[in-house]
Amino acid sequence: MTAVPTLAVDDLSVEFRTRSGVVKVLEHVGFRVDRGEKVALVGESGSGKSVTAFAVMGILDAAGRVTSGRVMFGGSDLLALSEHDLAEQRGRELSMIFQNPRTALNPIRRVGRQIADVLVRHGGATRNDAPRAAIEMLKKVRIPDPERRAEAYPFELSGGMCQRIMIAIALACRPALLIADEPTTGLDVTTQAVIMDLIGELAAESGMATIFITHDLALAAEYCDRIVVMHAGHVVEAAPARDLFSHPRHPYAAKLLAATPGETVALEHLASIPGGLPDLRRADLPPCRYAERCERRTDACAQPLPQRTVGDGHVVACWSPL
Amino acid sequence: MLTMLLSRLATAIPSIVGVVVVTFMLTRLLPGDPAAYFAGLAASPQAIAEVRTKLGLDKSLPEQFVAYVGDLLQGNLGNSLSTGQPVTFEIATRLPASAELTLVALLLAVAIAIPLGVLAAVKQGTWIDHLCRIVTTVGVSLPVFFTGLLFAYVFYYLLQWAPAPTGRLDIFLSPPTHITGFYLIDSALTGNAETFWAALRQLALPAISMAIFSLAPLARMTRGSMLAVLGSDFVRTARASGLAPRTVVFTYAFRNAVLPVITVLGMVFSFLLGANVLVETVFAWPGIGLYAVNALITSDYAPVQGFVLTMAVLYVTLNLAIDFVYGLVDPRVRLDS
Ligand SMILES: Nc1ncnc2c1ncn2[C@@H]1O[C@H](COP(=O)(O)OP(=O)(O)OP(=O)(O)O)[C@@H](O)[C@H]1O
Ligand SMILES: [Mg+2]
């Protein structure tokens, strides 16, 4: 555990200024990703998974502001870099792919050019070689007939194809870290598996670390080494996938597991998690943002959240863990 | 692409036919008797009847219509009653004046509105964004004829910075050799700096008045469309790929954002064609707008018909051009057809 991690997020807090007040979307978020490791970021919709990814990439909306924290990557704090230096790293050292591949690609630019743009920008190819290099990338993500597909526009391709193009763009410069934000949502089940396998293989081939954002715990368990569970902008539990599945410690993580269809739980027994996410604009948010939905709540929950190590690489932020 | 344009052209044919019918009907229904006007105030009823026969006005409406269409097909729009000249010739000589004015106004508007809108969106909430908002608000609330009159009053009458609003060129100068009919281009081509400068000075006020009005919708649409595109998923992808800000804004965002701007550009252009009538009247600009106004006042129906038909053809051509440009920018349009 002494190896320098590929990515170490520490004490990351993000606020959004909106018309109806300041939303504290992330608070003291911390996790690490080791070299070649596959980490899943899970949590229900609105828990701040995408915002975490955007903050790491430095592509938050103008309304978003990082109020504290460090994002250590490749020996420097990404949050302290200038926009110019950060742009140099994006797409070359750390990349991201998005949900909804159809809208994530420029609709009026040939997909080959979009890959070539990234290659040229980061010195992966000269302007003259870029079209060939782009076709090579298309081959790598196993797009049939790559020469012809390079000339296609996104609307001429299927969703699965578009996601492969996204992967080709993201991996064109062999980054050390890939953040995949729900890369398979909106694709059919077979395509989902194909895309996940493709990402897994390409990652293994180059020793790339992957952060895989999803609200599908089953998918996370299948593809990832470690799981980080988020709830309302907090990391509530982080553990090796096996440990989290066999013995979740945070009440929310346990509920989330129980809500996941798997071999052991029949669909009709799926528990839904009572209550919703708290309104993050409130001034009187309790230290534990799950407290108001929690059955195991005690008086201790009014204190600031603890970070308890309950096993090897297993951390839980709860006063009365399971 | 070509098939798309041809099919668009085919859909335009019914509207042209409609315009032909309407122009024919309208001018016959205009108040006033052209024959009486043409024969002169002191003419006897007999003389008027003679004139009517000569002009074919005594025939039945269907007969007149057939004759009218037949003439049209030969490019013959009839003769102006007041000047006796063929309308086709008069319009052809006056069209460049209107076209030059409209195009310069449009270029001016585009050259200001698009950078303004793009900057306002990229630097949302800064002074340039506020400037954009002021320009669009002021622009729409100033009708062209008002700006025109105000400009003529301030810059010619009060300050005497501008030449008298009396047409395309100072009366002491002769027009440049006819090449395109655009004074600016012709004088530049023949290296006639004095004429170029004089023509530009005459053109400035009417063109600016028209540009100010067209600025507003263009800048507003550019800003709105840029904002929407800058917030879209694929721009986020471009940023996440580390593409240079210049590439993100121009190659990725702007090319997408320009699509609705092209549509608005078409509307603004059509509007300017109409606004010509007012501006040409204010600045005594010898274009087809002024020509039509004068003809209308004297119940000279052939020029009015010619004007309306010319406008209709211009609108159709314009819309075809817009479709063409749209197809060039957006590959999805090319496939749809
Ligand atoms: N631009 C923004 N302005 C205001 N609030 C925002 C903005 N972007 C995100 N948020 C808020 O941040 C919170 C977390 O959003 P985020 O998109 O990270 O959720 P998520 O975990 O990715 O959910 P999903 O599974 O739906 O993608 C939400 O409550 C959302 O309302
Ligand atoms: Mg999300």
Rounded FRET efficiency, nearest 0.05, which uses the C-beta distance separating A:ALA283 from B:LEU103 and R0 of 45 Å: 0.15
statement: The ³J(HN,Hα) series, computed from each phi in the stretch A:173-187 with the Karplus coefficients 6.51, -1.76 and 1.60 at θ = phi - 60°, rounded to the nearest Hz and given as x for glycine or proline, is 9, 6, x, 7, 9, 10, 9, 10, 8, 6, x, 10, 5, x, 9
- line: Computed, not fitted: 222 nm per-residue ellipticity of the protein assembly as shown from DSSP H runs ≥ 4 (each -39500 (n - 2.57)), nearest 500, equal to -16500 deg cm²/dmol
- prompt: So what does B:ASP33 come to for accessible area, using a 1.4 Å probe and Å² rounded to 10?
  reply: 60 Å²
field: Top of A:GLU44, A:GLU237, A:GLU88 by mean-square fluctuation, Gaussian network on chain A, Cα under 10 Å
entry: A:GLU88
query: How big is the gap, in Å, between the Cα center of the stretch A:33-103 and the Cα center of the stretch B:277-324?
result: 59 Å
- request: Calculate how steeply helix A:189-206 sits against the longest principal axis of the alpha-carbon atoms of chain A, using the helix alpha-carbon long axis, and give the answer as 0 to 90 degrees to the nearest 10.
  value: 80 degrees
query: Which percent, to the nearest 5, of DSSP beta bridges fully inside chain A are antiparallel?
result: 60 percent
query: Considering every Cα-Cα pair within the stretch B:221-289, what fraction, in whole percent, is farther apart than 14 Å?
result: 66 percent
- request: Calculate the spin-label point distance for B:TYR153 paired with B:ASP58, positioning each point 7 Å from the Cα along the beta-carbon direction, and give it in nanometres.
  value: 5.3 nm
field: Gaussian network model of chain A, springs between alpha carbon atoms under 10 Å - residue of A:VAL236, A:VAL228, A:VAL141 with greatest fluctuation
entry: A:VAL141
query: How big is the shadow of the Cα convex hull of the stretch B:2-73, averaged over all directions, in nm²?
result: 6.0 nm²
message: Could you give the length gained by full extension between B:LEU173 and B:VAL69, i.e. 0.36 nm per residue of separation minus their alpha carbon distance, to one decimal place?
response: 33.4 nm
query: Quick one: what does P(r) look like for the stretch A:30-180 with 10 Å bins over all Cα pairs, in whole %?
result: 11, 37, 34, 17, 2
task: Show the residues, 5+ positions off or on another chain, whose built amide H is closer than 5 Å to the amide H of A:ILE97.
output: A:ILE179, A:ALA180, A:ASP181
- line: For A:ASP145, A:ASP117, the accessible-area ranking with a 1.4 Å probe, largest leading, is A:ASP145, A:ASP117
task: Could you calculate the contour length gain from B:THR298 to B:LYS123, that is, 0.36 nm times the residue separation minus the distance between their Cα atoms, to one decimal place in nm?
output: 57.6 nm
query: Excluding ligands and nucleic acids, what accessible area in Å² is computed for A:HIS122 using a 1.4 Å probe, to the nearest 10?
result: 20 Å²
task: Kindly report the accessible area of chain A per residue (heavy atoms of protein chains, probe 1.4 Å, no ligands, DNA or RNA), in Å².
output: 44 Å²
task: Please pull out the direction-averaged projected area of chain A, using the convex hull of its alpha-carbon atoms, in nm² to one decimal place.
output: 17.4 nm²
query: Where the convex hull is taken over the Cα atoms of the stretch B:1-140, what is its projected area averaged over directions, in nm²?
result: 14.3 nm²
- prompt: Any idea what diffusion coefficient the stretch B:88-336 gets from Stokes-Einstein, in µm²/s, Kirkwood Rh on alpha carbon pairs, 10 °C, 1.306 mPa s?
  reply: 80 µm²/s
message: In 10 Å bins starting at zero, report the fraction of Cα pairs in the stretch A:103-174 per bin as a rounded %.
response: 24, 60, 16
message: Given the whole protein assembly as supplied and a 1.4 Å probe, what does the accessible area of B:TYR156 come to in Å², nearest 10?
response: 80 Å²
message: Please report the antiparallel percentage of DSSP beta bridges with both residues in the protein assembly as shown, rounded to the nearest 5.
response: 60 percent
Whole-Hz ³J(HN,Hα) from phi, Karplus 6.51 cos²θ - 1.76 cosθ + 1.60, for the stretch B:189-198, glycine and proline x: 5, 8, x, 9, 5, 5, 5, 4, 4, 5
- request: Kindly compute the accessible surface that chains B and A hide from a 1.4 Å probe when together, both sides summed, and give it to the nearest 100 Å².
  value: 2100 Å²
statement: The correct ranking of B:THR237, A:THR298 by accessible area at 1.4 Å, largest first, is A:THR298, B:THR237
field: Global geometry of the protein assembly as shown, whether rounded, prolate or oblate, following the gyration tensor of its Cα atoms and the 1.5 cut on a/c
entry: prolate
- request: Please work out the FRET efficiency for the pair B:GLU50 and B:LEU2, using the Cβ-Cβ distance as r and a Förster radius of 41 Å; give the result to the nearest 0.05.
  value: 0.20
message: For chain B, set up a GNM with springs between Cα atoms under 10 Å and report which of B:GLN46, B:GLN64, B:GLN85 has the largest fluctuation.
response: B:GLN46
Estimated inter-spin distance, B:ALA164 and A:SER246, nm [label 7 Å along Cα→Cβ]: 10.2 nm
message: Could you give each residue of the stretch B:230-245 its phi-based ³J(HN,Hα) in whole Hz, using Karplus coefficients 6.51, -1.76, 1.60 with θ = phi - 60°, and x for Gly or Pro?
response: 4, x, 8, 4, 6, 5, 4, 4, 4, 5, 5, 7, x, 4, 4, x
message: Within 15 Å, Cβ to Cβ, of A:VAL23, how many net charges do the neighbouring residues add up to if Lys/Arg are +1 and Asp/Glu are -1?
response: +2
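The values are calculated or read from the model by the stated rules, or taken from the named source; none is laboratory data. All values reported here derive from a predicted model rather than from experimental measurement. Neighbour counts are summed over all protein chains in view; Cβ atoms, including those assigned to glycine, are modelled from backbone coordinates with ideal geometry. For the accessible areas, the whole protein counts, side chains as well, though only heavy atoms, and no ligand, DNA or RNA atoms are used. Shrake-Rupley method; radii C 1.70, N 1.55, O 1.52, S 1.80 Å.
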